[in-house]
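The structure appears right after this line, and notes come after that.
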Amino acid sequence: MQHQSWVSPAQTQLIQLTQLTQLTQLQTQLTQLQTQLTQLQTQLTQLHTQVTHLQTQVTQLQTQLTWLHTQVTQLQTQVTQLQTQVTQLQTQLTQLQTGLTQLQNPAHPAPNPNFPNIT
């Protein structure tokens, strides 16, 4: 014989009130979780915006770096050209000094193709 327990209306109302309280608490927790999710989504959007901004800055810096590298290369080329010109001028100066020495000491002329002997 199966035993069935009888529940009074007051007990039924208490059970229903307890369940309603639990449901309200769960709804409150769900609302809090939804609020947290919204906040996290907002933070994620902000971070995405910051990342995009940083990527833009990196691209600009890379462009500037490329430009600076080009400028340095051009300057190095100019320096090399100037060094070549200085070397040429030094050679010409040496030849002129040699020619002057020959003019000042005609008794001991040194052969110089740029200053042929005048006889």
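Throughout, read-outs are computed from the coordinates displayed, never taken from laboratory work. Because the structure is a prediction, the values reported are computed rather than measured. All Cβ positions, glycine included, derive from the backbone under ideal geometry; neighbour counts span all protein chains shown.
The calculated FRET efficiency for the pair residue 79 and residue 54, based on their C-beta separation and a Förster distance of 41 Å, comes to about 0.70. For the stretch 44-49, putting each phi into the Karplus relation 6.51 cos²θ - 1.76 cosθ + 1.60 with θ = phi - 60° gives couplings of 5, 4, 4, 5, 4, 4 Hz, in residue order, rounded to whole numbers and with x for Gly and Pro. Once the Cα-Cα distance is subtracted from the 0.36 nm per residue extended length, the residue 68 to residue 41 segment shows a gain of 5.7 nm.
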